[in-house]
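Taking it in order: structure first as structure tokens, then the write-up.
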Amino acid sequence: MTKALKGVRILDFTHVQSGPTCTQLLAWFGADVIKVERPGVGDITRGQLQDIPNVDSLYFTMLNHNKRSITLDTKNPKGKEVLTALIKSCDVLVENFGPGVLDRMGFPWEKIQSINPKMIVASIKGFGPGPYEDCKVYENVAQCTGGAASTTGFRDGLPLVTGAQIGDSGTGLHLALGIVTALYQRTVTGKGQKVTAAMQDGVLNLARVKLRDQQRLAHGPLKEYSQFGEGIPFGDAVPRAGNDSGGGQPGRILKCKGWETDPNAYIYFITQAPVWEKICDVIGEPGWKTHPDYAKPAVRLPRLNEIFGRIEQWTMTKTKFEAMDILNKDDIPCGPVLSMKELIEDQSLRATGTVVEVDHPTRGKYFSVGNPIKLSDSPSDVTRSPLLGEHTDEILRQVLGFTAHQVAEIHDSGALDPPRKVVPAYAMFEH
């Protein structure tokens, strides 16, 4: 079986999380991803949140699998020559620089097009065109400006950001789809194009059910929200709803046996209408199946606190896994709150390649997330992230076809080394 993106070459100018998420996904599908890094420094995440001294951090390794690394000083004339050659030989350039950085580097869209008319230039920005387009954006800023934070948390508390990286990794996933789509269109047109994904836009797309609720709110209260049953009036914007379900079927996170000492002894429980009678039997309330206050979904809405309180009395007698087993036999939708420790130890996730063990030459073995998207005819292998500049000479020779003499010239020019600091003449002499 061949890889789905075999033959596609990506020029990866990304750093931190959003861009590397995108290019790593393409690499998992078989694209040859050449990561361009600053000599002597590399992607800033190599040194961020280090748990082992002088070793690439997990932050870096878990976002840069299956890639090759070349170091390049793009301000150096020889460095610009190498970059020009890379643009000629690649299909896609991916970047998540601040606005205008590529232009200042001397490679605006028009120049890239003149070098390689088939090149696709894919960019992640914080915002699209508008009043904030020049602003710097990070994960939590994106969650706040994309509508997620205002609708996350409890009604009487602060807005909250989620632990899921919907701003960075979420936008990287969006951009990957845009790139694959542009590659497909190129098979018809023969031309490259610009692909852009803004982090604010990506978060809003993932928070679309709340945009749905904003419009529903104009026509009356949101009855599946807890505050409706509590008789608390709604304002003019979608409120925070705690752990209420966002899909219209009432749902809550409920305590399970051991919750007093285990911060994750909880289960998410949805009172889906088609299985209401089974729920009543499981929790020991068969009379609710015909009782006028509980039999129909509409009459249950004002009583959700009472109903979930009763269900929680039952879940507290079971571990979250015992409750899951019992409820699944009756197709009652639920899910245990799984900790990162439980996920990393889950053998089924290991078997599917969702959690993988990777061996790194300086870090040793560690666990990472594998490709979450499975193709039957394009299996994904996860290989380690590259050391800084590990593939520089390999790329110069094998990808760009430079001779040994040319490679030596490039080395001699300093284009592959950290820029040297100019030492003032007076500093060269002792006083």
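Tabulated values for the structure
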read-out	value
Cα-based convex hull volume of region 68-213 per residue, rounded to whole Å³	143 Å³
Net charge, residue 8 excluded, C-beta distance under 13 Å - Lys, Arg +1, Asp, Glu -1	+2
Rounded Å value of the spacing that divides the Cα centres of region 25-92 and region 147-177	27 Å
Charge-dipole axis of region 189-245 as Lys and Arg at +1 and Asp and Glu at -1 on Cβ define it, positive-most pick from 245, 195, 233	195
Per-residue HN-Hα couplings for region 264-274 [Karplus 6.51, -1.76, 1.60; θ = phi - 60°; Hz; x = Gly/Pro]	10, 7, 9, 9, 8, 10, 10, 8, 5, 4, x
Computed FRET value (nearest 0.05) for residue 140 with residue 326, which takes r as the C-beta separation and R₀ as 60 Å	0.95
For region 48-142, diffusion coefficient by Stokes-Einstein and Kirkwood Rh (Cα), 10 °C, 1.306 mPa s, µm²/s	100 µm²/s
Chain lengthening between residue 236 and residue 376 when straightened (0.36 nm per residue, less Cα-Cα)	45.7 nm
Length gained when the stretch residue 354-residue 366 is fully extended (0.36 nm per residue, less Cα-Cα span)	2.9 nm
In Å², nearest 10: area of residue 411 left accessible to a 1.4 Å probe	70 Å²
Neighbour net charge for residue 186 - beta-carbon separation under 15 angstrom, K R +1, D E -1	+3
Stretch gain in nm, segment residue 216-residue 387, where the contour uses 0.36 nm per residue and the Cα spacing is subtracted	56.4 nm
Given charges at beta-carbon only (K, R positive; D, E negative), |dipole| of the chain in Debye	840 debye
Of 389, 166, 123, farthest towards positive along the dipole that unit charges on Lys, Arg, Asp, Glu beta carbons give the chain	123
Projected label distance in nm at residue 162 and residue 177, using a 7 Å step from Cα toward the beta-carbon	1.5 nm
Per residue, in Å², the accessible surface of the chain once ligands and nucleic acids are set aside, probe 1.4 Å	52 Å²
Where 324, 119 fall by accessible area, highest first, once all protein chains stay in place (1.4 Å)	324, 119
Of all DSSP beta bridges in the chain, antiparallel share, percent nearest 5	40 percent
Qualifying trypsin sites (Lys or Arg not before Pro) in region 1-70, DSSP loop, other Cβ atoms within 10 Å at most 16	6
222 nm mean residue ellipticity, helices alone, for the chain (DSSP H n ≥ 4; -39,500 (n - 2.57); rounded to 500)	-9000 deg cm²/dmol
Accessible area (Å², 1.4 Å probe, nearest 10) - residue 37	10 Å²
Percent carbon-and-sulfur accessible area, the chain, ignoring ligands, DNA and RNA, probe 1.4 Å	57 percent
Rounded FRET efficiency, nearest 0.05, which uses the C-beta distance separating residue 89 from residue 261 and R0 of 51 Å	0.30
Computed over the chain, Cα set: Rg, Dmax in Å	26.7, 98
Under the span-like rule (Cα at least 27 Å along the axis, Kyte-Doolittle mean at least -1.0), DSSP H helices of the chain	168-189
Estimated FRET transfer efficiency (residue 406, residue 342; beta-carbon r; R0 56 Å; 0.05)	0.60
Rg/Rh (Cα only; Kirkwood hydrodynamic radius) as it applies to region 279-403	1.28
Neighbour net charge for residue 106 - beta-carbon separation under 10 angstrom, K R +1, D E -1	+3
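The values are calculated or read from the model by the stated rules, or taken from the named source; none is laboratory data. Owing to the predicted nature of the structure, the values given are computational and were not obtained by experimental measurement. Cβ atoms come from the backbone with ideal geometry, glycine included; neighbour counts cover every protein chain shown. Note: areas computed on protein heavy atoms with side chains; ligands, DNA, RNA excluded. Shrake-Rupley method; radii C 1.70, N 1.55, O 1.52, S 1.80 Å.
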